[in-house]
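Reviewing the structure listed below.
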Amino acid sequence: MKHLFIFAIVALLFCSCGEDEAAVEQYNPYLDLPSTPYDYASLPLNAPHSSNDNSPLNNRVTNDGATLGRVLFYETALSENDAISCASCHKQEFAFADNVAKSQGVNGQTLMNSMHLVNVRHAKPALFWDFRTENLETQTLMPIQDHIEMNLTLEEAVAKLNIKPYYPELFLKAFGSPHITTDRISKALAQFVRSLNSYNSPYDRGVPRTTQEQLGFEKFIEGTADPSNPDAASCSECHSSIQQMEFDHQGLPNLAFPLGANGRGFEDTPQLKKVANIRNVALTAPYGHDGRYATLDELLQHHGNDVSEEDRVHLIAFLKTLTDESFIGDKKFSNPFRK
């Protein structure tokens, strides 16, 4: 009898384990998420010092928060037609840019080219081409409400997420309760975007440069050939570092010339536009705020003083060393929805 009792207990435990494993397997039939979240909070060793981190004190990157942000980033329910997500215009294979001049929203094409999202955590907080917002927490909600892009009110967005069965647990893990609010949506999205750190290109790893790459690097950092010309500029004058951390409004007038006036203007009429980060730049064509330049060669033809055809070949070779293949293939940044 004793042996039968022990057998029954063992059988019960075995069945319970099987049910638990099945529950884990069915934890979410919609999402392919690991039981232990990916590490989003840690930074690469060669990332900029934490003093350059623009995360607010009330929204530091956490693994659970960024996991929720990742799901929201790929969530098409955040659009009016259930077809557009943040990732529709910011694709991982293009360093979270788009490969068309104007992206497709629910009501037509966007007004500007989608900027690539890379190392935003370490850039000064002036977002969008026209700097119209100063922080990611505000920025992340704007495309959702934009008439062309996703066209939802924030109340509609919350209501649509509330009927999805997978969000209560994700919000609970990220924020301590399953309650869905626009503030939490914005914070989670901002955490995910701040986790998109790319510091593993050949440039970062110190891979020896070819002759062409070295000549391109030297051209990139050289001073202007005509210091007496106030309109002349070198690459490094505006892209003061490869990371472009030191973005400064006061440095922008060099871009505020009509196209053709000095070969560097993005605008047909003088306007200020944000200086773009050039990491992974070889993946982010077309270029310019309106995507007017189809290739790097075309961009360089209209974007530099004293740049010869040979210089362009060398510069392109160097710029390709800024491509981080591990970043565009990292599963923790990929679409988590099951096909």
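The values are calculated or read from the model by the stated rules, or taken from the named source; none is laboratory data. In this text, all values refer to a predicted model and were calculated from it rather than measured experimentally. Cβ coordinates were reconstructed from backbone atoms using ideal geometry, including for glycine residues, and neighbour counts include every protein chain displayed. Heads up: the accessible areas ignore ligands, DNA and RNA and are worked out on the full protein's heavy atoms, side chains in. Shrake-Rupley method; radii C 1.70, N 1.55, O 1.52, S 1.80 Å.
Worth pointing out:
- Only listed residue being in contact with a Gly (Cβ under 7 Å, 6 or more places away or on another chain) and either under 27 Å from Asn197 (Cα atoms) or open to solvent by 60 Å² or more (accessible area, probe 1.4 Å) (or both), chosen from Glu149, Glu137, Glu155: Glu149
- Considered as a group, the residues in the stretch 170-202 that are under 15 Å from Gln139 (Cβ atoms) and of a type in the set (Lys, Arg) include one that is least open to solvent (accessible area, probe 1.4 Å), and that residue is Arg194.
- Filtered by the rule that a residue be touching a Phe, Trp or Tyr at 6+ places or on another chain (Cβ under 8 Å) and under 30 Å from Tyr30 (Cβ atoms), the stretch 293-327 gives Asp324, Phe327.
- Within the stretch 294-332, considering residues that are of a type in the set (Val, Ile, Thr) and at pLDDT 90 or above, the one farthest from Asp130 (Cα to Cα): Val313
- Segments classed as helices (runs of 4 or more DSSP H), wholly inside the stretch 144-196, with at least 1 members that are more than 19 Å from Thr76 (Cα to Cα): 167-175, 182-194
- Long-range neighbours under 7 Å by Cβ, at least six apart or interchain, first residue charged (D, E, K, R) within the stretch 145-174, second open to solvent by 50 Å² or more (accessible area, probe 1.4 Å) and part of a helix (DSSP H, G or I): Lys173/Asp64
- Sole residue being open to solvent by less than 20 Å² (accessible area, probe 1.4 Å), within 28 Å of the chain's Cα centre (by Cα) and modelled with pLDDT of 75 or more, chosen from Gly265, Gly291: Gly291
- Selection of the stretch 203-217 for residues being in contact (Cβ under 8 Å) with a residue 24 or more places away in the chain and β-branched (Val, Ile, Thr) yields Val207, Thr210.
- Residues that are open to solvent by 20 Å² or more (accessible area, probe 1.4 Å) and outside any loop (DSSP other than H, G, I, E, B), drawn from the stretch 273-286: Ala282, Leu283
- The stretch 316-339, subset among the polar types (S, T, N, Q) and open to solvent by 20 Å² or more (accessible area, probe 1.4 Å), residue farthest from Thr210 (Cα to Cα): Asn335
- Selection count where residues are farther than 14 Å from Phe337 by Cα, open to solvent by less than 20 Å² (accessible area, probe 1.4 Å) and not in a loop (DSSP other than H, G, I, E, B), scope the stretch 57-86: 3
- From the options Tyr27, Tyr40, residue that is within 30 Å of Asn197 (Cβ to Cβ), aromatic (Phe, Trp, Tyr) and modelled with pLDDT under 95: Tyr27
- Each residue in the stretch 96-110 was checked for being among the hydroxyl-bearing types (Ser, Thr, Tyr) and surrounded by fewer than 18 Cβ atoms within 10 Å (Cβ to Cβ), and 0 of them qualify.
- If the condition is being in a loop (DSSP other than H, G, I, E, B) and under 18 Å from Phe128 (Cβ atoms), then the stretch 87-99 contributes His90, Ala95, Phe96, Asp98.
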